[in-house]
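See below for the structure under consideration.
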Amino acid sequence: MASYDSLVLFVPVLLLSVVAHEYAHARVAVSQGDPTPLMLGRLTMNPLPHVDPVGTVLVPLILFFSQAGFIIGWAKPVPVNTRNFRNYRKGDLLVSAAGVTANFALALLFFGAALALSASGAEAGTPGLAGALRRMAEFGLFLNLLLGVFNLIPVPPLDGSHLLYHLLPPALGARYRQLGRYGIVLLFLVILVPGLLGALLFPVRFLMDVARGVIESVA
């Protein structure tokens with residue numbers, strides 16, 4: 001049976017991670033001249049405006065209680081009107097990179113926390129506050145690496161598709177952007193094709209192995 005204690009530990013980390021991702025999009029969009037996120041109340045770290053009933057609540061709960069071995073989720077995408085950007089290309093690149101940058105920054109913070117807790121003698125499997133904090137830190141590290149790398153996959157509507165579009169020659173970029181109408185289908189194919197998602201997320205496993213080695217070395 002899934003542990004309710006684990007749920008209490010993981011939910012705050014999940015909320016922080018997905019909300020920070022969307023807040024970063026909103027903050028950078030406003031800085032580039034688009035007031036849409038501010039007008040819609042999305043320029044906030046308050047989780048409520050960002051919560052998606054499916055991605056922030058239902059999917060994580062299903063994964064948790066089915067003991068899938070991992071928890072993932074997402075928040076409502078921040079609406080952005082790129083026509084308001086002072087410089088369309090620069091604005092779109094910065095806004096697209098903002099979410100994954102926030103997740104990688106959080107991963108670094110959680111890694112530092114896990115490192116400090118390990119150095120103090122805390123172990124993830126032990127009872128008590130220190131053990132709980134160590135578990136939260138390692139989950140936050142994994143989750144934010146996962147969110148960052150996953151969102152870099154160049155399949156619409158993920159952030160990586162915007163970044164790739166601006167790297168392509170204009171004619172090829174226009175054709176690539178047309179794939180956006182099939183984005184959800186392509187994304188499901190990436191998830192469902194055996195081995196494909198695992199290969200794309202290899203950097204997460206590699207970085208977690210390296211991080212765990214470093215964290216354990218200071219214990």
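Here are the numbers:
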| item | result |
| --- | --- |
| Filter pass, ARG89 being surrounded by 15 or more Cβ atoms within 10 Å (Cβ to Cβ), at pLDDT below 95 and part of a helix (DSSP H, G or I) | no |
| Leading residue by the ranking (modelled with the lowest pLDDT) among those in the range 117-134 that are of a type in the set (A, V, I, L, M, F, W, C) and within 18 Å of VAL13 (Cα to Cα) | ALA124 |
| Residue match in the range 56-75 (condition: touching a residue at least 24 places away in the same chain (Cβ under 8 Å), in contact with a Ser or Thr (Cβ under 9 Å, 6 or more places away or on another chain) and surrounded by fewer than 16 Cβ atoms within 10 Å (Cβ to Cβ)) | no |
| Output for the range 32-46, where each listed residue is within 15 Å of TYR88 (Cβ to Cβ) and out of contact with any Leu (no Cβ under 8 Å at 6 or more places or on another chain) | GLY33, ASP34, THR36 |
| Residue match in the range 127-148 (condition: part of a helix (DSSP H, G or I), of a type in the set (A, V, I, L, M, F, W, C) and in contact with a Pro (Cβ under 6 Å, 6 or more places away or on another chain)) | no |
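The values are calculated or read from the model by the stated rules, or taken from the named source; none is laboratory data. This structure is a prediction, so every number in the text was calculated from the model and none was measured. Cβ coordinates were reconstructed from backbone atoms using ideal geometry, including for glycine residues, and neighbour counts include every protein chain displayed.
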